[in-house]
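Submitted below is the structure of interest, expressed as structure tokens.
The values are calculated or read from the model by the stated rules, or taken from the named source; none is laboratory data. Just so it is clear, the structure is predicted and the values come from calculations on it, not from any experiment. Cβ: placed from backbone, ideal geometry, glycine included. Neighbour counts: every protein chain shown. Side chains included, ligands, DNA and RNA excluded: accessible areas come from the protein's heavy atoms. Shrake-Rupley method; radii C 1.70, N 1.55, O 1.52, S 1.80 Å.
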Amino acid sequence: MIAPLESLTQTNALYLLTDSRQLTLPSQTLFFAINGERHDGHRFVESLYQKGVRQFVVERAVFDLNLDQKMPNATIWVVENSILALQELAKHRRKQFQIPVVGITGSNGKTIVKEWLSQLLSPDFWIVKSPKSYNSQIGVPLSVWQLNERHTLGVFEAGISHPHEMQALQQIIRPTMGIFTNIGSAHDEGFRSRKQKITEKLRLFTTCQVLVYCADYQDIDEEIKIILQPVNPSCELVGWGSAAHCAVQTHIDKQIDSTNITLTFKAEASVVNFAVPFTDDASVENAIHCAVLMRKLGISARELSPRLGRLRPVSMRLELKEGINGCQIIDDSYNNDLVGLNMALNFLNQQEQRSEKVVVLSEVLQTGQPEDELYAQIAALLSDKKVNQLIAIGAAFVRNQALFPENTRCYDSTETFLNNFDVATLRNALVLVKGARPFQFERIVNRLQQRVHGTVLEINLDAITHNLNYYRQRMGSQTKIMVMVKAFAYGSGSAEVAQLLQFHRVDYLAVAYADEGVQLRQNGIELPIMVMNPARETFDKLREYRLEPEIYSQKIFDEWLVFSEQYAEMSPIHLKLDTGMHRLGFVAADLPQLLDQLKTHPTLRVATIFSHLVGADEATHNGFSALQYERFMAWTAQIEAVLGYCPTRHILNSAGIVRFPDYKLDMVRLGIGLYGVEVNQQEQHALQPVGTLKTVVSQVKHLPAGETVGYSRRGVLEREATIATIAIGYADGYDRRFSNGVGKVLINRQLCSVVGNVCMDMTMVDATNAAVQAGDEVVIFDQHLPITDLARQIGTIPYEILTGVSERVKRVFFKESN
């Protein structure tokens with residue numbers, strides 16, 4: 001059905017989709033078919049309809065109207081431009097919410113400031129923010145669409161590359177407060193001058209009540225007063241810096257591994273002192289932006305100081321890694337402009353571990369400057385920072401090599417560098433690798449980075465997303481999802497998996513111990529987190545990091561109540577009821593006392609009530625599962641009657657989601673199913689394997705019949721054999737029960753049986769039929785050698801295999817789709 005355009009704002013879609021590969025909950029999705037330079041979204045309309053999508057925005061000039069007949073249940077809005085329609089829909093969404101919104105723009109630091117603000121302000125607000133670096137004409141409306149009634153603060157970043165683009169983003173974000181981070185050369189070619197670019201970025205703040213910026217950037221300070229102030233005279237301009245005219249004067253005192261900062265707010269006649277665990281200019285600047293804005297939001301100096309002291313780097317751009325030949329690698333392969341280069345060089349100079357400083361640098365793109373002027377400026381900057389050697393990559397460097405010292409090595413491309421440069425010449429150096437994205441400098445980082453272990457666990461983030469969406473579809477949009485990320489996210493890497501889950505907006509995370517929750521908070525995770533095994537000695541950490549305890553016994557409840565009396569506000573709790581597992585939880589006999597205490601502590605907030613089915617994965621226990629559910633519902637009703645409200649209820653784990661959908665209640669707990677294992681084996685075909693455990697062949701031996709292999713001479717060869725020693729053992733998580741022919745691995749697509757006992761760091765396998773040589777890849781488990789088969793071989797469960805993979809095994813996360 002072709003729908004009238006004015007009805008688009010009435011869509012009931014939860015998700016706006018522009019990339020068909022990122023489909024989530026088809027029935028709740030509105031797909032915008034965009035006819036772009038590289039891809040035409042209209043090609044995927046029919047396949048998305050077949051997958052369950054029923055709402056589409058298409059472009060009149062491209063869409064085949066005959067498809068309307070093939071999609072009888074679809075609602076289709078035909079527009080002139082899908083991107084403009086997306087923006088108009090986001091504008092309408094934004095107008096529905098009268099909350100403070102922070103808009104951030106600038107050449108560098110937007111994403112870092114956004115992420116830090118989200119962390120710093122999370123105790124005070126329910127925050128909606130741009131995912132990753134969603135700051136484009138498409139990214140901004142997708143970000144703003146996340147707004148809902150729960151949010152009390154928005155934090156969005158906006159980026160532009162041409163004039164007039166910011167006007168559209170301003171109308172979508174409609175910020176009430178703003179941060180202008182800095183100005184650099186990125187996208188200079190799209191503007192007549194640097195001042196025009198500043199002017200265009202300032203359009204974001206035409207209706208702001210407060211604007212925070214560094215007044216030490218003279219061009220920004222001047223343009224704000226010339227351009228923005230007449231247009232928005234009521235906006236409070238909060239320029240900070242070292243100059244006397246600044247509204248907030250700064251005093252910066254750098255120590256060995258931290259920076260002490262004093263902010264003097266002239267209008268308020270107040271002083272704020274704090275320290276941040278950074279000394280590089282970029283981090284200090286970003287932290288001051290955050291601190292000033294926090295004060296303008298009413299955060300007290302007493303609260304501000306400890307929060308800023310807990311800041312940690314956002315894993316996105318500049319990373320320090322161990323390299324080959326005693327080198328250390330500074331990986332800043334995210335982008336490259338002059339301001340960013342200057343900050344990276346400052347960071348380079350702050351590292352005192354190595355005296356030899358080498359820079360691997362790509363062309364600086366899209367500056368709009370004359371080439372000879374630009375590269376003369378780069379040469380002067382490198383000289384000023386006392387760089388010992390430059391390795392320059394790009395045709396422009398080759399053309400301007402005469403501007404650089406004689407020891408400069410120039411290559412016309414990354415490929416040429418990789419094929420010709422002898423990495424052995426880099427020894428005991430500090431190497432900054434900084435390149436624009438088209439140069440794929442991650443390949444250089446991979447070449448220079450130290451290989452510390454031949455065994456890796458590859459984690460497919462696309463598969464995790466697919467599995468999450470599968471369970472979401474089974475449960476429907478009204479049922480919340482708590483995801484278990486305990487035990488290092490079932491061996492997959494807690495912080496990395498949690499970041500993905502946060503991006504996909506799951507409702508809760510659960511960990512076993514407080515330390516796991518603290519690590520997630522320190523890695524920027526802001527989702528609610530339940531701690532399943534709290535202890536009295538961890539209560540301070542629970543409160544500090546906003547972690548929510550599972551209360552499972554009278555003893556732990558009494559201890560929590562005593563601890564809570566010291567504070568006006570505390571995290572909510574989760575009540576665990578033991579309906580039959582007999583592990584943790586309140587039993588029926590405990591209920592009277594529990595109800596009395598809940599009644600006498602009305603300010604205590606119960607977030608959820610839950611229990612655990614004993615045999616959700618076995619049909620033989622169906623009757624007992626039903627009994628557990630009945631007990632749970634009866635006990636929950638008593639608790640709700642005392643509380644006067646209905647906490648979220650949940651009883652299903654991954655197995656239960658598949659076998660007992662009628663018990664889904666308000667929320668389900670997704671554990672091993674997310675990682676690609678369907679323990680019932682009823683829906684295994686619908687899931688994708690997440691992990692691939694790989695190692696390498698260390699050595700190959702050809703042995704005659706009668707020889708023995710391994711400790712205690714357990715492996716007796718009955719025939720001549722080729723024995724491959726592989727770089728994995730029980731210290732890596734390859735269980736000793738795989739010894740003596742029980743375990744099998746894949747080498748060159750051939751199954752090879754374990755010979756003798758599994759050793760601590762190595763295992764020997766019979767690779768007679770595998771045409772093997774040292775260095776060959778060995779697969780321990782993947783989609784062809786399923787983890788369920790390995791578990792069956794040694795009489796255990798997939799949980800044990802996954803969680804047993806040692807943390808010394810390097811995790812490599814990859815995502816094949818954009």
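Based on what the data block shows, is Glu800 within 27 Å of Tyr675 (Cβ to Cβ), open to solvent by 20 Å² or more (accessible area, probe 1.4 Å), touching a strand residue (DSSP E or B) at 6+ places or on another chain (Cβ under 8 Å) and charged (D, E, K, R)?
Criteria not met by Glu800.
Report, ordered by the first and then the second residue, all pairs with beta carbons closer than 9 Å, sequence separation of six or more or different chains, a first member in the range 355-375 that is over 20 Å from Gly184 (Cα atoms) and open to solvent by 60 Å² or more (accessible area, probe 1.4 Å), and a second member that is at pLDDT 90 or above and assigned to a helix (DSSP H, G or I).
From the range 355-375, no pairs qualify.
Kindly indicate whether Arg649 is among the basic types (Lys, Arg) and within 38 Å of the chain's Cα centre (by Cα).
yes
Let me ask something else. When the range 161-190 is examined, which residues are found to be surrounded by 22 or more Cβ atoms within 10 Å (Cβ to Cβ), touching a Gly at 6+ places or on another chain (Cβ under 7 Å) and farther than 22 Å from Gln209 by Cα?
Of everything in the range 161-190, those that are surrounded by 22 or more Cβ atoms within 10 Å (Cβ to Cβ), touching a Gly at 6+ places or on another chain (Cβ under 7 Å) and farther than 22 Å from Gln209 by Cα turn out to be Gly184, Asp188.
Considering the range 21-33 alone, what residues qualify as being open to solvent by 20 Å² or more (accessible area, probe 1.4 Å) and touching a strand residue (DSSP E or B) at 6+ places or on another chain (Cβ under 8 Å)?
Leu23, Gln28, listed by residue number.
Then there is this: Pairs under 6 Å by beta carbon, first residue in a loop (DSSP other than H, G, I, E, B) in the range 736-749, partner among the aliphatic types (A, V, I, L, M) and open to solvent by 70 Å² or more (accessible area, probe 1.4 Å), six or more apart or different chains?
Asn748/Ala771
Only one of these conditions is not met by Asp617: (1) open to solvent by less than 30 Å² (accessible area, probe 1.4 Å); (2) in contact (Cβ under 8 Å) with a residue 60 or more places away in the chain. Which number is it?
Tallying (1) open to solvent by less than 30 Å² (accessible area, probe 1.4 Å); (2) in contact (Cβ under 8 Å) with a residue 60 or more places away in the chain, Asp617 fails exactly one: (1).
Right, here's the next one. Which pairs do you get when a residue that is farther than 21 Å from Gln440 by Cα, found in the range 377-403, comes within reach of a residue that is open to solvent by 70 Å² or more (accessible area, probe 1.4 Å) and not in a loop (DSSP other than H, G, I, E, B), reach meaning Cβ atoms under 6 angstrom, with the pair 6+ apart or on two chains?
Ala379/Leu403; Asn388/Glu356
Let me ask another. With the checklist (1) open to solvent by less than 30 Å² (accessible area, probe 1.4 Å); (2) at pLDDT below 95; (3) of a type in the set (S, T, N, Q) in hand, flag the one item Asn232 doesn't pass.
(2)
What tally of residues in the range 792-810 results from selecting those that are of a type outside the set (A, V, I, L, M, F, W, C), over 13 Å from Gly743 (Cβ atoms) and part of a helix (DSSP H, G or I)?
The total comes to 4.
From the list Leu627, Leu674, Leu595, pick out the single residue that is modelled with pLDDT of 95 or more and surrounded by 16 or more Cβ atoms within 10 Å (Cβ to Cβ).
Leu595
Go through (1) over 18 Å from Arg472 (Cα atoms); (2) touching a residue at least 60 places away in the same chain (Cβ under 8 Å); (3) of a type outside the set (Asp, Glu) and name the single condition Leu16 misses.
So the condition that Leu16 fails would be (1).
Next question, about the same structure. Return the residues of the range 376-387 that are open to solvent by 80 Å² or more (accessible area, probe 1.4 Å) and either touching a strand residue (DSSP E or B) at 6+ places or on another chain (Cβ under 6 Å) or of a type in the set (Lys, Arg) (or both); say none if nothing qualifies.
Lys386
Something else now. Among the residues of the range 388-440, count how many are of a type in the set (Val, Ile, Thr), open to solvent by 40 Å² or more (accessible area, probe 1.4 Å) and under 14 Å from Glu363 (Cα atoms). Before the answer, list the steps.
Of the range 388-440, the ones of a type in the set (Val, Ile, Thr) are 391, 393, 398, 408, 414, 416, 423, 425, 431, 433.
From the residues that got through so far, the ones that are open to solvent by 40 Å² or more (accessible area, probe 1.4 Å) too are 398, 416, 425.
Going one step further and asking which of them are under 14 Å from Glu363 (Cα atoms), we end up with 398.
Matching residues across the range 388-440 total 1.
While we're here: Please find, within the range 685-705, the residue that is least open to solvent (accessible area, probe 1.4 Å) out of those that are more than 29 Å from the chain's Cα centre (by Cα) and without any contact (Cβ under 8 Å) to a residue 24 or more places away in the chain.
Leu703
Follow-up question, since we're still on this one. For Ala267, state whether it is among the small types (Gly, Ala, Ser), at pLDDT below 95 and either closer than 17 Å to Thr105 by Cβ or crowded, with 19+ Cβ neighbours inside 10 Å (or both).
Spelling it out, it is not the case that Ala267 is among the small types (Gly, Ala, Ser), at pLDDT below 95 and either closer than 17 Å to Thr105 by Cβ or crowded, with 19+ Cβ neighbours inside 10 Å (or both).
Among Leu48, Leu8, Leu16, which is the only one that is part of a strand (DSSP E or B) and either open to solvent by 40 Å² or more (accessible area, probe 1.4 Å) or touching a strand residue (DSSP E or B) at 6+ places or on another chain (Cβ under 6 Å) (or both)?
The unique qualifying residue is Leu16.
Here is a follow-up. Which residue pairs have Cβ atoms under 6 Å apart, sit 6 or more places apart or on different chains, and have a first residue in the range 318-339 that is open to solvent by 50 Å² or more (accessible area, probe 1.4 Å) and a second that is at pLDDT 65 or above and part of a strand (DSSP E or B)?
Taking only residues 6 or more apart or on different chains, the pairs are Leu318/Asp332; Glu319/Asp331; Leu320/Ile330.
Can I ask one more? If you go through the range 762-782 one residue at a time, how many are surrounded by 15 or more Cβ atoms within 10 Å (Cβ to Cβ) and either within 19 Å of Leu674 (Cβ to Cβ) or not β-branched (Val, Ile, Thr) (or both)? Can you show your working first?
Just the residues of the range 762-782 that are surrounded by 15 or more Cβ atoms within 10 Å (Cβ to Cβ), to begin with: 762-768, 770, 772, 776, 778-782.
Retained after the next criterion (residues that are either within 19 Å of Leu674 (Cβ to Cβ) or not β-branched (Val, Ile, Thr) (or both)): 762, 764, 766-767, 770, 776, 781-782.
The qualifying residues number 8.
Here is a list of conditions, (1) more than 30 Å from the chain's Cα centre (by Cα); (2) part of a helix (DSSP H, G or I), and Arg443 meets all of them except one; can you say which number that is?
Every listed condition holds for Arg443 apart from (1).
Name the pairs: first residue in the range 249-277 and over 21 Å from Arg312 (Cβ atoms), second residue among the hydroxyl-bearing types (Ser, Thr, Tyr) and loosely packed, with under 13 Cβ neighbours inside 10 Å, Cβ to Cβ under 6 Å, at least 6 apart or on different chains?
Once the first residue is over 21 Å from Arg312 (Cβ atoms) and sits in the range 249-277, its partners that are among the hydroxyl-bearing types (Ser, Thr, Tyr) and loosely packed, with under 13 Cβ neighbours inside 10 Å give Thr250/Ser242.
I'd like the full set of residues that are open to solvent by 40 Å² or more (accessible area, probe 1.4 Å) and assigned to a loop (DSSP other than H, G, I, E, B), limited to the range 716-735.
Across the range 716-735, the qualifying residues are Glu718, Arg719, Glu720, Asp735.
Oh, and also: So, in the range 706-719, exactly how many residues are touching a Leu at 6+ places or on another chain (Cβ under 9 Å) and touching a residue at least 24 places away in the same chain (Cβ under 8 Å)?
Number satisfying all stated conditions: 3.
Looking only at the range 210-240, which residues are assigned to a loop (DSSP other than H, G, I, E, B), among the polar types (S, T, N, Q) and either within 20 Å of Asn108 (Cβ to Cβ) or touching a helix residue (DSSP H, G or I) at 6+ places or on another chain (Cβ under 9 Å) (or both)?
Result: Asn232, single match.
Also, quick follow-up: With (1) touching a His at 6+ places or on another chain (Cβ under 9 Å); (2) open to solvent by less than 10 Å² (accessible area, probe 1.4 Å) as the list, and Glu548 as the residue in question, which single condition is left unmet?
If we test Glu548 against (1) touching a His at 6+ places or on another chain (Cβ under 9 Å); (2) open to solvent by less than 10 Å² (accessible area, probe 1.4 Å), just (2) comes out false.
Yes/no matrix, rows are residues, columns are (1) closer than 22 Å to Leu120 by Cα; (2) of a type in the set (A, V, I, L, M, F, W, C):
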{"site": "Gln499", "(1), (2)": "yes, no"}
{"site": "Gly524", "(1), (2)": "yes, no"}
{"site": "Met532", "(1), (2)": "no, yes"}
{"site": "Glu537", "(1), (2)": "no, no"}
{"site": "Tyr545", "(1), (2)": "yes, no"}
{"site": "Leu561", "(1), (2)": "no, yes"}
{"site": "Gln566", "(1), (2)": "no, no"}
{"site": "Glu569", "(1), (2)": "yes, no"}
{"site": "Gly580", "(1), (2)": "no, no"}
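While we're looking at this one, here's another question. Of the conditions (1) open to solvent by less than 50 Å² (accessible area, probe 1.4 Å); (2) in a strand (DSSP E or B); (3) farther than 25 Å from Glu222 by Cβ, Asp253 fails just one. Which one is it?
Unmet for Asp253, out of (1) open to solvent by less than 50 Å² (accessible area, probe 1.4 Å); (2) in a strand (DSSP E or B); (3) farther than 25 Å from Glu222 by Cβ: (1).
Considering the range 741-750 alone, what residues qualify as being over 36 Å from the mean Cα position of the chain (by Cα) and either aromatic (Phe, Trp, Tyr) or at pLDDT 95 or above (or both)? If you could, list the steps in order and put the result at the bottom.
Step one: of the range 741-750, the residues over 36 Å from the mean Cα position of the chain (by Cα) are 741-742, 750.
Once the filter is applied, which keeps residues that are over 36 Å from the mean Cα position of the chain (by Cα) and either aromatic (Phe, Trp, Tyr) or at pLDDT 95 or above (or both), the range 741-750 yields only Val742.
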